[in-house]
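To start, the structure under review is shown below, and the notes come after it.
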Amino acid sequence: MAQPKEKDEQLPGVKEDHFALNFEAGFQKIGFVVLLIILFCAVGGLFSDGYFSSAKKINDAGTLSIHYDRFGRLQTEFTLHFAVKNRQADKYVFSLGDDFIDHFQPGVISPQPDRMYSRGKRLYLEYNGVKTKGDFSVWMYVTPTVPGKTNMTVGVNGEPALSFWQFIYP
């Protein structure tokens, strides 16, 4: 019996594009691997909260630390957690600078500052009469308003500022 030829297999009214068929077959071979890579990146936190995204920085004096996510989504709220370690002070003044005012919208701040104001490109959170015998923590919920890489600094009571960056996906 004779082998069927390509011309014999064509259906009437159907025009096949061999390049497109070969491209689809090739993409199906690697598509599953690409999907798994994207899935592992998402689970790992490359696009938002997770292992690769979660970060902590401490200033040189060891008195101020910040917990944050390196990666976030535009218009999706996330937290910044500031902690002042073992410092006996009646007043704390946190300052946030660089791209913070232009790229983020602050939301809920816990505990509420006694006074909040801005000067130039810096936002200040002032806490008076703090009666704590240890660490003092501030949780700030912020919403990114501009996509891309942002650089920020945070300081407390005029001590050396802590610099960090975030990447906001559109």
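The values are calculated or read from the model by the stated rules, or taken from the named source; none is laboratory data. No experiment lies behind these values; they were computed from the predicted model shown. All Cβ positions, glycine included, derive from the backbone under ideal geometry; neighbour counts span all protein chains shown. Heads up: the accessible areas ignore ligands, DNA and RNA and are worked out on the full protein's heavy atoms, side chains in. Shrake-Rupley method; radii C 1.70, N 1.55, O 1.52, S 1.80 Å.
Work out the length of the dipole vector of the chain about its Cα centre, built from +1 on the beta-carbon of each Lys and Arg and -1 on the beta-carbon of each Asp and Glu, and round it to the nearest 20 debye.
Details: 18 positive and 18 negative charges, 151 e Å.
My answer is approximately 720 debye.
Using the 1.4 Å probe convention, the accessible area of the range 1-154 works out to 67 Å² per residue with neighbouring protein chains retained. Neighbours of Met152 by Cβ distance under 15 Å: Lys/Arg scored +1, Asp/Glu scored -1, total +2. Calculated on C-alpha atoms, the gyration radius of the range 75-170 divided by its Kirkwood radius gives an Rg/Rh of 0.97. For Gly45, the residues 5 or more places off, or on other chains, whose built amide H falls under 5 Å of its own are Tyr51, Phe52.
Quick one: net charge of Phe100's neighbours, Cβ under 12 Å, K/R +1, D/E -1?
-1
Sort 26-32, 151-157 by packing, meaning the average of other beta carbons within 10 Å per residue, with the highest value first. Intermediate results must be reported in sequence, preceding the final value.
Details: 26-32: 9.6, 151-157: 19.3.
Highest mean packing first, the order is 151-157, 26-32.
Here, the chain has an Rg and a Dmax of 26.5, 97 Å when only alpha carbons are counted. Only protein atoms count toward the accessible area here, which uses a 1.4 Å probe; on the chain, the carbon and sulfur part of that area reaches 57 percent.
Excluding Ile66 itself, what net charge comes from residues whose Cβ is under 10 Å from its Cβ, given Lys and Arg +1 and Asp and Glu -1?
Working: positive: Lys56, Lys57; negative: none.
Taking every Cβ under 10 Å from that of Ile66, the sum is +2.
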